[in-house]
Amino acid sequence: MTSRQFPHGFVWGAATASYQVEGAVTEDGRGPSIWDTFCATPGAIANGDTGEVACDQYHRYPEDIALMAGLGLGAYRFSVAWPRIQATGTGPANPKGLDHYSRLVDALLAEGITPWVTLYHWDLPQALQDVGGWAARDTAYRFAEYAALVESALGDRVSHWTTLNEPKVASHAGYGSGIHAPGIDDLGQRMRATHHLLLAHGLGMEVLRAAPGRDHTAGITLDLSPVVPVTDAPADVAAARRLDGDSHRLFLDPVLYGRYPADVVDDLGGPAAFDFVQDGDLELAGAPVDFLGVNYYRRIFVRHSPGEGRLEAATVLPDGVPVTAVDWPVEPDGLRELLVGLAKDHPSLPPVFITENGAAFDDEVSPDGAVHDQQRLDYLRGHLAALHQAVEEGVDVRGYFVWTLLDNFEWAEGFAKRFGIVRVDYDTLRRTPKDSAAFFGSVARANAVEEA
Ligand code: FCB
């Protein structure tokens, strides 16, 4: 056993997202979100599941906070549901919506848990989708107004802010493949959505920076993976470059440098296909962030696939790679490789926080009620060891949030795929910490991981 000690002050936390855990979708003036609508669309979600009740965290947050406190976690990353604050995405704040998050923040602080607020984790007010959603430029300005409402209510107690979670998934899965809300499959809309999300990030940063008398730590979370061609054949290598560009650099370059990468612009139809970009947008998107949030789950293996979409790049699973219950390859060293690569490619990379990492497995409940989720525990241990290696190799990583605190509504997969370190029985909503929770708590307390 080697003990790998993390730097002093390293942040250990758990992450969730509003629509995945809250439930209470019609309570206290919350308006419908695109996910409520999508869940009501036949065939959109496995088993016809919906987030109507989810983990009922809207009511049960004291219990969830007690669980985190018991594990010794220092931070909770959660998102605010925009339609709780503005039911239709515009106008004055709904005080009951703000009060909920205010109580949540107070309860966290009372336990010494630092709140990390994500302003947008995909639950757009449906009324804004009705007028174009993220494909419409106006949505970015509405986001800035919403951000200001949340900041003014919570900013006296919350100092860690993330504008957006995974804008790539919001645009590409929401508007480009239609597997997520709002279920649109249209490259033109997808490209606009990407741009307007990046603009919203920039406008949101401006709001957070301008808040009088505050000293916020603010950034954005991107989902990033090393992208590997399945063979050395030039066609596969080129396909991997295109996919990496479209999935990662399309977001990373605007955020870090205020520009779209030239090769990706070419891949997506050239400058004429970006005619919605206005002067100053990219400068806003590229305003300095205090940190980059990185969500890491897997390596992505790519093969050239003629005729498949505009990029002609298919994600494949090489033989023999172990996978999780959602068929994502288990690649702990991919995390080290990703972080070391980011630091090398971007000498001015801001400090990094791993804002999500974790795995779905088909958990079994033992006769004694316990969940011995050895596979998840091993997954976490392996990734934490790889993370530590990246730190040793000089990458400035300052914290790690496990995805996720609780089994929850896993988007199009519904409730069948369980990512939690705490089991949720969806009949009783009872929470049972799994073995991985005890493991993660021991890591957080020791600020170290034991490597087998
Ligand atoms: C990420 C999402 C998160 C969760 C995990 C498994 O893409 O940010 O909400 O669904 O994947």
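The values are calculated or read from the model by the stated rules, or taken from the named source; none is laboratory data. Because the structure is predicted, anything quoted here is derived from the model rather than measured. Glycine also receives a Cβ, built like all others from the backbone with ideal geometry; neighbour counts cover every protein chain displayed.
Quick look at the numbers
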| read-out | value |
| --- | --- |
| Check on GLY219, in contact with a Gly (Cβ under 8 Å, 6 or more places away or on another chain), more than 16 Å from the ligand (Cβ to nearest atom) and touching a residue at least 40 places away in the same chain (Cβ under 8 Å) | no |
| Lone unmet requirement of (1) within 23 Å of the chain's Cα centre (by Cα); (2) acidic (Asp, Glu); (3) outside any loop (DSSP other than H, G, I, E, B) for GLU283 | (1) |
| Residue in region 382-390 that is aliphatic (A, V, I, L, M), under 25 Å from VAL422 (Cβ atoms), touching a Pro at 6+ places or on another chain (Cβ under 8 Å) and without any contact (Cβ under 8 Å) to a residue 60 or more places away in the chain present | yes |
| Enumeration of residues in region 416-437 that are of a type in the set (A, V, I, L, M, F, W, C), within 15 Å of ARG60 (Cβ to Cβ) and not in a loop (DSSP other than H, G, I, E, B) | VAL422, VAL424 |
| All positions within region 4-22 that are more than 16 Å from the ligand (Cβ to nearest atom) and either modelled with pLDDT under 95 or part of a loop (DSSP other than H, G, I, E, B) (or both) | PHE6, PRO7, HIS8, GLY9, PHE10 |
| Considering residues of region 222-243 that are free of Cβ contacts under 8 Å to residues at least 40 places away in the same chain and in a helix (DSSP H, G or I) only, the residue farthest from the chain's Cα centre (by Cα) | PRO234 |
| Selected residue (criterion: surrounded by the fewest Cβ atoms within 10 Å (Cβ to Cβ)) from residues of region 135-168 that are within 16 Å of the ligand (Cβ to nearest atom) and under 11 Å from LEU208 (Cβ atoms) | THR162 |
| Some residue of region 379-388 being in a helix (DSSP H, G or I) and either in contact with a Cys (Cβ under 8 Å, 6 or more places away or on another chain) or within 13 Å of the ligand (Cβ to nearest atom) (or both) | yes |
| Extreme residue, surrounded by the most Cβ atoms within 10 Å (Cβ to Cβ), among residues of region 311-342 that are assigned to a strand (DSSP E or B) and within 16 Å of the ligand (Cβ to nearest atom) | PRO329 |
| Checking VAL277 against (1) in a helix (DSSP H, G or I); (2) under 20 Å from HIS195 (Cα atoms), the condition it does not meet | (1) |
| Any chance PRO367 is farther than 30 Å from THR37 by Cβ, surrounded by fewer than 16 Cβ atoms within 10 Å (Cβ to Cβ) and touching a strand residue (DSSP E or B) at 6+ places or on another chain (Cβ under 8 Å) | no |
| Residue count, region 162-171 (criterion: out of contact with any Asp or Glu (no Cβ under 8 Å at 6 or more places or on another chain) and assigned to a helix (DSSP H, G or I)) | 3 |
| Residue check for VAL265: within 21 Å of TRP134 (Cβ to Cβ), buried (at least 22 other Cβ atoms within 10 Å of the Cβ), touching a helix residue (DSSP H, G or I) at 6+ places or on another chain (Cβ under 7 Å) and among the aliphatic types (A, V, I, L, M) | no |
| Selected residue (criterion: farthest from GLY286 (Cα to Cα)) from residues of region 179-205 that are part of a loop (DSSP other than H, G, I, E, B) and under 18 Å from the mean Cα position of the chain (by Cα) | ILE179 |
| Criterion: over 15 Å from GLN189 (Cα atoms), under 20 Å from the mean Cα position of the chain (by Cα), outside any loop (DSSP other than H, G, I, E, B) and at pLDDT 95 or above - qualifying residue of ALA153, ALA147, ALA140 | ALA147 |
| Residues satisfying the stated conditions in region 286-310, i.e. within 24 Å of the chain's Cα centre (by Cα) and away from the ligand (no atom under 16 Å from the Cβ) | GLY286, ALA287, PRO288, VAL289, ASP290, PHE291, PHE301, VAL302 |
| Number of the exception - GLY213 against (1) over 20 Å from the mean Cα position of the chain (by Cα); (2) within 27 Å of ARG303 (Cα to Cα) | (2) |
| Single residue of region 389-415 satisfying the filter (more than 16 Å from the ligand (Cβ to nearest atom) and either in a strand (DSSP E or B) or on the phi > 0 side of the Ramachandran plot (or both)) that is surrounded by the fewest Cβ atoms within 10 Å (Cβ to Cβ) | GLY394 |
